[in-house]
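Here is the structure we will look at, set down as structure tokens.
Values quoted throughout were computed directly from the atomic coordinates according to the rules given, and no laboratory measurement underlies them. Bear in mind the structure is a predicted one, so any value in this text is a computation, not a measurement. Counting neighbours? That spans all protein chains shown, and the Cβs are built from the backbone with ideal geometry, glycine included.
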Amino acid sequence: MSEVLDVIRERIQCHFPLMFLSTWEEERWESELASLALDIDRGLVVWTSTDGASPPLDSDSDEVSNGHCTATEFLDQIRAYPRDHVFLLKDFHPFLSDPVIVRQLRDLLPSLAEQDKTILMMSPESTIPVELRRDSVAIELPLPGIDEIRDELRELLIQRQHNGEPHVRIAPAEEERLLKAVMGLTARQARQSLSRALLGRSGLDDDVYALLISEKKHMVQGSEMLEFHELAEGANDIGGLDSLKDWIHRRVDAFSEKARKRGIPAPKGVLLLGVQGCGKSLTARAVARILSFPVVRLDVSTLLSADLGGSEKNMRDVLSLMEMIAPCVLWMDEVEKGFAGVTDGSGGDATMVRLMGQFLTWMQEKRSPVFVVATANSVTALPPEMLRRGRFDELFFVDLPNYHERKSIFEIHMRKRDLDPLDFNINHLSESAEGYSGAEIEQSVVTALVETFNDGRTMTQKDLDDSVADTVPLSVTMEEKIFELREWARSRCRPATPDSRVLQMLEEEHRDKTGEENPELINLIDDDDMPPSETEEPGWETILKEGQVRAALLEYVSGQGEVTFSQLQQDFASHMEVEGEFGLALRSDPNIVVWIGMDAAVAAPLGKLVSDRKVYLQPVRADAYSDVVGKIKLPKLPGLPDSRMSRPCWLPVSLTVVAPEDVDERLTRVARMKLKR
């Protein structure tokens, strides 16, 4: 706001006669313009078609007015007003279709400059007649920033307190997330939305943010080229893809005001390449839920127009609308089909090439927090300039789910349909569904449900087994294309599944019942990841023998699922020195110790894995460490305390590669410490 007001102030002082100001916030900006006129010692006259001029022309002037006057009459009176005046005309744009009004304005322009007068036309749109374009300036008045919306929130909380409504506890981090959710709304809309979302609540949850974001839906309803999606799915609805989910979670804070003040640019977006039906579109919608941003889907084909230059104008309008409702997520599904016709040669569709150029330039230069999530099933139709860094922050490859991810997918779709996964042999189903995509697993569950519903009985394990067996997966019908896609992505994309999970998948899935490796799949295994000559022993031992302690620790924790520090030391003791005078403590409170008695060669990489969010700490009961009773003499904590500890205490934790549903940030940062003798 301050920057725009400075521009308006400078132009008034430099005798610009006519400015068109576009805004929906008439009341807020009228107040700001009144203050501006007072600061620069200018009188302010406001005119509307209903009330006329306020204040009216002085009665002892040559021209007398009772205040109410038509547009033509008011323009005739402007010359009679004293010098150094600013005239604010509200919703004047309908009158600009009258050639007499336009002619009056053109005749008035010379005297405006001579008398230090300026006309400001304020309305939701600024359609400037061609006759006035050379003599006027169009300025778009911005929506309220985060500080202005913060003032609205605080006034709302005070009002709630006076009305006797429940007090809402809002932490600083939650406050910023709350404010970001209503960015892009007017001040009045933001206050109304916040009031509705907090109605009857004493705390915040995901439903509050989803409700706030849905308030932006009306902003894209008038556009046939954009489709608004509700925030129905979250990270817990995605089976696997832990590397991708972790990457997104680590970029949430990059959209904060703290990051902006430190010069950290907002993330641009991510391209998800992979096999059909493996969760790319689901992930795109879940990203918006993680970021607490609205998600809007763009179908490039809707931009095409038969009018010359119409397609390019549609692209400009869409990108302008996205910046207006920012922060938001722009979802472009199957982007290679959307930009079909773009080729390196001269045979490409000229319109599509221009649209692609517009979009890529916008992605490179945009400053508003619009996070682009593009999905693609093929790379052959994508131009190299779309894949290079600077357009997207990262390229992820989403492969067919491995054994562990298939288990998670089965469980997710069973719970969605009110089925208890414990009633079924999920391990057997996951083994049977090798090579199935997430969509095919879902369909097998749906098919079994439909068949049993028609028979009037409850679904059994056999029904699910039969449904899985009857499904022919895409990995069979399009085996060659999927293999080519995997080979292309191997060295060009970041895997959406952690490397440790991939290694475990290769160990557990690419063996037949005799324990021998499948000769058709052995070429998929990198020599650096699993030497063929040493596959009889656990993968972490193989990696450790090569001197890669950090990778071995990660692989070990991944294979165990959940393990204690004492068990880890016991298993690693036969391969390296694990006992020593080092320990790990929380950075937020060094008096909270998670383990002691480690060698530096173990403590340092473990601390790095935790800080990098490759391994997570989870509080457990002290009896989980019954094998080392008495080793730690410190007082035991039953859980994370609310305040800092005054003396050293031990917090029993386990190690896991699966992120807890509610990650306590204090457990994600640890420091290595040396014990005193």
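With the simple spin-label model, which puts each label point 7 Å out from Cα in the Cβ direction, the residue 600 to residue 24 separation comes to 6.1 nm.
Can you say what percent of the DSSP beta bridges in the range 2-140, counting only those with both residues inside, are antiparallel? Round to 5. Could the numbers behind the result be given before it?
On the way: 3 of 23 bridges.
So the antiparallel bridges in the range 2-140 amount to around 15 percent.
Karplus-based coupling profile of the range 44-49, in residue order and whole Hz: 10, 10, 10, 10, 10, 5, with θ = phi - 60° in 6.51 cos²θ - 1.76 cosθ + 1.60 and x standing for Gly or Pro.
If I take every Cα pair under 8 Å that is 6 or more residues apart in the range 146-215, average their sequence separation and divide by the length, what percent do I get for the relative contact order?
Working: 55 pairs, mean separation 27.9, N = 70.
Contact order relative to length: 40 percent.
With the cut-off at 20 Å, tell me which of the pairs 180/216; 245/337; 245/545; 268/366 have Cα atoms farther apart than that.
Working: 180/216 12 Å; 245/337 26 Å; 245/545 31 Å; 268/366 8 Å.
The answer is 245/337; 245/545.
Note on residue 90: aspartates and glutamates with a C-alpha under 20 Å away, same-chain residues under 8 apart excluded, are 25, 26, 27, 30, 32, 51, 73, 76, 98, 125, 135, 140.
Averaging sequence separations of C-alpha pairs under 8 Å and six or more residues apart, then dividing by the length of the chain, give the relative contact order as a whole percent. Could you put the intermediate results ahead of the total?
Numbers: 1035 pairs, mean separation 59.2, N = 677.
9 percent.
Placing unit charges on the Cβ atoms of the charged side chains and taking the dipole of the chain about its Cα centre, the candidate lying farthest along the positive direction among 590, 352, 278 is 590.
Gain in length, residue 451 to residue 9, computed as 0.36 nm per residue apart minus the alpha-carbon separation, to one decimal in nm?
Details: separation 442, 0.36 × 442 = 159.12 nm, distance 7.22 nm.
Roughly 151.9 nm would be gained on extension.
What's the extension gain from residue 35 to residue 83 if we count 0.36 nm per residue and subtract their Cα-Cα distance?
Numbers: separation 48, 0.36 × 48 = 17.28 nm, distance 1.83 nm.
Using 0.36 nm per residue and subtracting the Cα-Cα distance, I get 15.4 nm.
Given that compact globular proteins tend to follow 2.2 N^0.38 Å, what is the ratio of the alpha-carbon Rg of the chain to that value? Don't jump to the answer; show the numbers that get you there.
Details: Rg = 32.0 Å, N = 677, 2.2 N^0.38 = 26.2 Å.
Its radius of gyration relative to the 2.2 N^0.38 Å reference: 1.22.
Taking 0.36 nm per residue of separation and subtracting the Cα-Cα distance, full extension of the segment from residue 432 to residue 353 would add 23.9 nm.
For the chain, the share of DSSP beta bridges that are antiparallel, to the nearest 5, is 35%.
Arrange 349, 151 by Cβ neighbour counts within 10 Å, fewest through most, would you?
Values: 349 15, 151 12.
So the residues, fewest neighbours to most, are 151, 349.
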